[in-house]
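Visitor: Handing you this structure, nothing more for now.
The values are calculated or read from the model by the stated rules, or taken from the named source; none is laboratory data. Predicted model only: the values in this text are computed from it and were never measured. For neighbour counting, all protein chains shown are included, and Cβ atoms are generated from backbone atoms with ideal geometry for every residue, glycine included. Calculation scope for accessible area: heavy atoms of the full protein, side chains included, ligands and nucleic acids excluded. Shrake-Rupley method; radii C 1.70, N 1.55, O 1.52, S 1.80 Å.
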Amino acid sequence: MTLLKVAPPLHQDVDLSQTYDAVVVGSGAAGGMAAHVLTAHGLRVLMLEAGKKLPIEQELRSMEWPYDHPRRGDAPPGSHGLSFNEYTIRKPPYAKATAFKHVYSYVGGWSGSDYVKNILVDEKDHPYTGTNYAWVRARCLGGKTNIWGRLALRLSDYDFKAKSHDGYGEDWPISYADLAPYYDKVDLYLGIAGVKENLPHLPDSLFQRPTKLNYGEVKLRHSLAQTGRVLTPYRAGVTTDGLKHNRYRSKCYGRGACNRRPGGCDIHAVFDSPTGLIYPAMDTGKLTIRPNSIAYEVFVDPNTGKARGVAFLDSETRKSYEAKAKVVILAASTLESARLLLLSRSPQHPNGLGNSSGHVGHNFCEHVMGPGVTGLVKELVGKPHTLDDGRPGGFYIPRFRNLTERQPGFIRGYGFEGSSGHTMFPRHVFDTPGFGAQFKKTVRDHAGAFISMGGFGEVLPRYESHVDLDPEVKDGWGIPVLRFHYQFSDNERKMAEDMVATGREMFEAAGIEVVGVDREVLTEGWSIHELGTARMGTDPKASVLNQFQQSHDVRNLFVVDGSSHVSASCQNPTWTIMALAWRSCEYLADEFRKGTL
């Protein structure tokens, strides 16, 4: 097993009197990548993180058995995780007038909530308003990469050139060929497990050793192959072979806690921004981190028209400061970066910074999810138990709709994520009738025989799907909050209906007994894959950024997170966010040397 080096000391003296080469707002996948690339090119970088630097291994404790925890993983009394019904029936702000001391997003309502209570934001301090939306936020070094779901997928020209394919929306200003070298860089630097399938709509990565499919998953794979569909092992952002160039991460050795919700990996086999990107960037001596720094405005020099720095509040002292830099990079997440742009009003930018097009906050999109199917592989009932929950994931079924033939009722497509086999807590134990010895035997006999999967579908970007600033409500630091104007459309609802029908058909064709069907579409935002509030494009009148995620209006301002995405595709976005950020920051570094910024 790889021995982990102690993280570099993160208590640094921050000299705000100097002007840094670049200031990066945010420390997640995008911010970490920006720090990695820019420091590698010799730039002096200041990173502002709104949350704390947590001793993340002490938070996740993924080697801890449930019975060693005083509440079997649950958060202390007075803490509450929002439920689906609350998101559906009530309107945000969801924590308003609640009797609970702390309120968290639905992720804080999963089993194991004690392991994320310091990672997720407290909804009482971080309200938002408008339409129903399940907004999951993490304010700490690394953000949501500390607990992400690990699925690492590439986009293809079916996504980048979607308008050319079906006529809807806009094409991206890049093609797969432009981004493929940077996907390769991300693969090699961070590690990814998987199997090559040679699919034009789901390009292969440079894979390390894959995780193995179990019996039920192989059974479904063989059945799908007869119809031309593919089930592939979960493409996980995990190093299974190890990374010789990184001293802070261990290779995966299947220790058995990966499927404990909410997740996280305290040996750092799974990619997270601190150990994967930020700590190595600190080793260059070029990166300074200031945690507890809530950015609330990007300042613009009225004489040059260029961004001059970022104003922020210290979250603990509530004092205001300014970080000065030659280049400003926003990587605060799709919604928070849009919020920061809208907050940055000035005589030169009365509608928000970089918003001459009126598109900041608009064209918001994500993934629709909820529909799924559960099956029973009868031949596994009563068979010896196997270790299946040491894997970082189960399987993925790529998109198969609207590729060569038009599907009636909706455009674009969806994929399925699923898994089978044994877990630490037996599947469907609460659905099993009976009691006593026979009940226990039934649970044990059936524990490894279930297989389930759920759909993730593309949400179409629409101008009317947007966020703006609430004119009255402010967060715990007095900063105006976001207001949502966003709902799923008929396209997403019809797609969700198809997920249910095809999921059932695939299981039945494989000889798997269908024992449960989920038809409910989960609340908007449930996917945690928010995208598109500052999209890229070639026309400054219809987009916010160019192909290098550079503002059309302010040439030394870059927005390198998911807000730049032109459309959502149906693939999870983390790997694409990092590939785009790598490409853009190499361009930034080159232009910085030339003096054009």
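Visitor: Could you tell me how many degrees, from 0 to 90 and to the nearest 10, lie between the Cα long axis of helix 176-190 and the main elongation axis, the longest principal axis, of the Cα atoms of the chain?
Guide: Helix 176-190 sits at roughly 80 degrees to that axis.
Visitor: Return a whole-number percent for the relative contact order of region 125-205, with Cα pairs under 8 Å and 6 or more residues apart as the contact set. Can you show the working numbers first?
Guide: Numbers: 53 pairs, mean separation 21.8, N = 81.
Value for region 125-205: 27 percent.
Visitor: Then there's this: So if I place +1 on the C-beta of Lys and Arg and -1 on the C-beta of Asp and Glu, and nothing else carries charge, what would the dipole magnitude of region 440-597 be about its Cα centre? I want it in debye, nearest 20. Display every interim value, and only then the final one.
Guide: Details: 16 positive and 24 negative charges, 87 e Å.
Around 420 debye, computed over region 440-597.
Visitor: How big is the charge dipole of the chain about its Cα centre, in debye rounded to the nearest 20, if each Lys and Arg gets +1 on its Cβ and each Asp and Glu gets -1 on its Cβ? Walk me through the numbers before you get to the answer.
Guide: Working: 69 positive and 66 negative charges, 201 e Å.
So the dipole magnitude of the chain works out to roughly 960 debye.
Visitor: Considering the options Ser465, Phe425, Gln438, tell which one lies farthest towards the positive end of the dipole of region 414-469, charges being +1 on Lys and Arg and -1 on Asp and Glu at the Cβ, about the Cα centre.
Guide: Gln438
Visitor: In the chain, with Lys and Arg counted as +1 and Asp and Glu as -1 at Cβ, which of these residues, Gly352, Phe299, Val23, has the Cα nearest the positive end of the dipole, that is, farthest along it?
Guide: Positive-end residue among those listed: Val23.
Visitor: Just to confirm the filter: which trypsin sites (Lys or Arg not before Pro) across region 280-326 are DSSP coil and have at most 11 other Cβ within 10 angstrom of their Cβ? Don't skip to the answer; put the middle values down first.
Guide: Values: sites: Lys286, Lys306, Arg308, Arg318, Lys319, Lys324, Lys326; in loops: Lys286, Lys306, Arg318, Lys319.
Sites meeting the loop and neighbour criteria: Arg318, Lys319.
Visitor: Per residue, what accessible area does region 455-597 have, given a 1.4 Å probe and all protein chains present, in Å²? Please list the in-between numbers first.
Guide: Values: 4920 Å² over 143 residues.
Value for region 455-597: 34 Å² per residue.
Visitor: Could you size up the charge dipole of region 467-508 around its Cα centre, putting +1 on the beta carbon of Lys and Arg and -1 on that of Asp and Glu, and report it in debye to the nearest 20? Before the final figure, lay out each step's value.
Guide: Working: 5 positive and 10 negative charges, 23 e Å.
The dipole magnitude comes to about 100 debye.
Visitor: Enumerate the amide H contacts of Val473 below 5 Å, restricted to partners 5 or more residues apart or on another chain; note that Pro and chain-start residues carry no placed amide H.
Guide: Those qualifying (amide H under 5 Å, at least 5 residues apart or on another chain) are Val481.
Visitor: Is the C-alpha gyration tensor of the chain telling us rounded, prolate or oblate? Criteria: a/c under 1.5 is rounded; beyond that, a/b larger than b/c is prolate, otherwise oblate. Don't skip to the end; give the middle numbers.
Guide: Values: a/c = 1.55, a/b = 1.41, b/c = 1.10.
Verdict is prolate for the chain.
Visitor: Please work out whether region 477-546 counts as rounded, prolate or oblate from its C-alpha gyration tensor, where a ≥ b ≥ c are the square roots of the eigenvalues and a/c under 1.5 means rounded, while otherwise a/b larger than b/c means prolate and anything else oblate?
Guide: Working: a/c = 3.44, a/b = 2.06, b/c = 1.67.
It comes out prolate by the Cα gyration axes.
Visitor: While we're on this one: With axes computed from alpha carbons, what is the tilt in degrees of helix 574-594 against the longest principal axis of the chain, rounded to the nearest 10 within 0 to 90?
Guide: Computed tilt is about 20 degrees.
Visitor: Return a whole-number percent for the relative contact order of region 392-449, with Cα pairs under 8 Å and 6 or more residues apart as the contact set.
Guide: 32
Visitor: For the chain, what relative contact order do you get, as a whole percent, if you take Cα pairs closer than 8 Å and at least 6 residues apart? Mind showing how you got there, number by number?
Guide: Working: 1457 pairs, mean separation 123.4, N = 597.
For the chain, the relative contact order is 21 percent.
Visitor: Under a 1.4 Å probe, what is the accessible area of region 326-426 per residue, stated in Å²?
Guide: Value returned for region 326-426: 33 Å² of accessible area per residue.
Visitor: Sort Lys251, Lys440 by accessible area with a 1.4 Å probe, largest first. Working shown, then result.
Guide: On the way: Lys251 90, Lys440 115 Å².
I get Lys440, Lys251, largest accessible area first.
Visitor: Counting only DSSP beta bridges with both residues in the chain, what percent are antiparallel, rounded to the nearest 5? Present the calculation step by step, with values, prior to reporting the outcome.
Guide: On the way: 50 of 75 bridges.
Given both bridge residues lie in the chain, the antiparallel proportion sits at roughly 65 percent.
Visitor: Scan around Ala75 for amide H atoms under 5 Å from its own, H built in the peptide plane at 1.01 Å from N, and keep only partners 5 or more places away or cross-chain.
Guide: Sorted by chain and number, the residues that satisfy this are Ser113, Asp114.
Visitor: Ignoring ligands and nucleic acids, what accessible area does Val238 show with a 1.4 Å probe (Å², nearest 10)?
Guide: Here the accessible area works out near 0 Å².
Visitor: If you take the charge dipole of the chain about its Cα centre, with +1 on Lys and Arg Cβ and -1 on Asp and Glu Cβ, which of Ala193, Pro55, Thr538 is farthest toward its positive end?
Guide: Pro55
Visitor: Helix 436-446 versus the longest principal axis of the chain: what angle, 0 to 90°, nearest 10, using Cα atoms?
Guide: Long axis of 436-446 versus the principal axis of the chain: about 70 degrees.
Visitor: Tell me the carbon and sulfur percent of the accessible area for region 267-369, rounded to whole percent, probe radius 1.4 Å. Write out the running numbers ahead of the final one.
Guide: Details: 1520 of 3220 Å².
Summing carbon and sulfur atoms, their accessible area is 47 percent of the total for region 267-369.
Visitor: Please work out how much accessible surface Lys219 shows to a 1.4 Å probe, ignoring ligands, DNA and RNA, in Å² rounded to 10.
Guide: Lys219 has an accessible surface of roughly 50 Å² with all protein chains in place.
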